[in-house]
1. Taking the stated definitions as given, is residue 218 surrounded by fewer than 21 Cβ atoms within 10 Å (Cβ to Cβ) and either under 10 Å from the mean Cα position of the chain (by Cα) or part of a helix (DSSP H, G or I) (or both)?
2. Do you know which residues across region 193-203 are at pLDDT below 95 and either in contact with a helix residue (DSSP H, G or I) (Cβ under 7 Å, 6 or more places away or on another chain) or closer than 21 Å to residue 261 by Cβ (or both)?
3. Just to be sure, is residue 105 surrounded by fewer than 19 Cβ atoms within 10 Å (Cβ to Cβ), free of Cβ contacts under 8 Å to residues at least 40 places away in the same chain and under 18 Å from residue 200 (Cβ atoms)?
4. Could you please let me know if residue 217 is touching a helix residue (DSSP H, G or I) at 6+ places or on another chain (Cβ under 8 Å), outside the structural domain of residue 63 (by TED's automatic domain parsing) and under 15 Å from residue 114 (Cβ atoms)?
5. Could you grab me the full set of residues in region 65-81 that are touching a residue at least 40 places away in the same chain (Cβ under 8 Å) and in a loop (DSSP other than H, G, I, E, B)?
6. Just the residues that are more than 14 Å from residue 195 (Cα to Cα) and in contact (Cβ under 8 Å) with a residue 24 or more places away in the chain, please, taken from region 82-100.
7. Within region 172-182, identify whether any single residue is assigned by TED's automatic domain parsing to the domain that holds residue 278, within 20 Å of the chain's Cα centre (by Cα), at pLDDT 95 or above and under 17 Å from residue 93 (Cβ atoms), and answer yes or no.
8. Tell me, please, whether a residue that is closer than 15 Å to residue 118 by Cβ and part of a helix (DSSP H, G or I) can be found in region 180-202.
């Protein structure tokens, strides 16, 4: 069954050029019109246990959990043995070609959204529910995956810096995981933010689950550092800590630890997607983070 066939079953007529860039999860995302309203249709084929789990998490987050934050409006959906389909109202991307850099007020609004999400009681029947015990992107193995690591850390200087982080890996993981478990988005970056009347909404909830709020913040700041020349990191962390009633120094330490681990053991897997300028920015960030007190 083609995306057009799936969309038609839900009353959606696709645009002339409907295909949107898909997520790393491999879902098909298309645009169209339903009852005169612009919509987005997301189709996730259940071709593996992982894909099925991703689809179930997103469908539950969007339709079943009633999270107390603004969410994309779901107009229709279905879950079959073969696929999960979600039809949502189309929203404007937070960043566009005309406005490729988030303003400080937009950063503030997104931090407020994350703080509210993380501060809410975990919306689960059982904290042990395996559906929500999703680990996100797996880390590379420093030994077996060393060629992949070397793609990002490709010079003697950067490899030396990488090794210093790997030597302290266990301690960094303990520090990054010191916070209480909370319900998190799991894939928070500006590509997964849209706006509704200027206010941010998070999309792509396939990695949602139990985690640490500071991990959401760390991934947001790391992805932004690859894409933007200026990231208000200090302001964002201080704002988040204030909204959560947390010690800003502790939040800074946890975010720093997680960012170092993400840079060292996750980002190398995606180096082929990075522009050379993004790699330069990440190298700069890595050096800056290594010299922050922890």
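The values are calculated or read from the model by the stated rules, or taken from the named source; none is laboratory data. Note that the structure is a prediction, hence the values are computed from the model and not measured. Cβ: placed from backbone, ideal geometry, glycine included. Neighbour counts: every protein chain shown.
1. Details: surrounded by fewer than 21 Cβ atoms within 10 Å (Cβ to Cβ): no; either under 10 Å from the mean Cα position of the chain (by Cα) or part of a helix (DSSP H, G or I) (or both): yes.
No; evaluated as a whole, the condition is false for this residue.
2. Listed by number, the list holds a single entry, 199.
3. Spelling it out, residue 105 is indeed surrounded by fewer than 19 Cβ atoms within 10 Å (Cβ to Cβ), free of Cβ contacts under 8 Å to residues at least 40 places away in the same chain and under 18 Å from residue 200 (Cβ atoms).
4. Numbers: touching a helix residue (DSSP H, G or I) at 6+ places or on another chain (Cβ under 8 Å): yes; outside the structural domain of residue 63 (by TED's automatic domain parsing): yes; under 15 Å from residue 114 (Cβ atoms): yes.
It is true that residue 217 is touching a helix residue (DSSP H, G or I) at 6+ places or on another chain (Cβ under 8 Å), outside the structural domain of residue 63 (by TED's automatic domain parsing) and under 15 Å from residue 114 (Cβ atoms).
5. Within region 65-81, 65, 66, 67, 68, 69, 70, 71, 72 qualify.
6. Within region 82-100, 82, 83, 84, 85, 86, 87 qualify.
7. No, every residue in region 172-182 fails to be assigned by TED's automatic domain parsing to the domain that holds residue 278, within 20 Å of the chain's Cα centre (by Cα), at pLDDT 95 or above and under 17 Å from residue 93 (Cβ atoms).
8. Within region 180-202 (the criterion being closer than 15 Å to residue 118 by Cβ and part of a helix (DSSP H, G or I)), the answer is no, since none of the residues qualifies.
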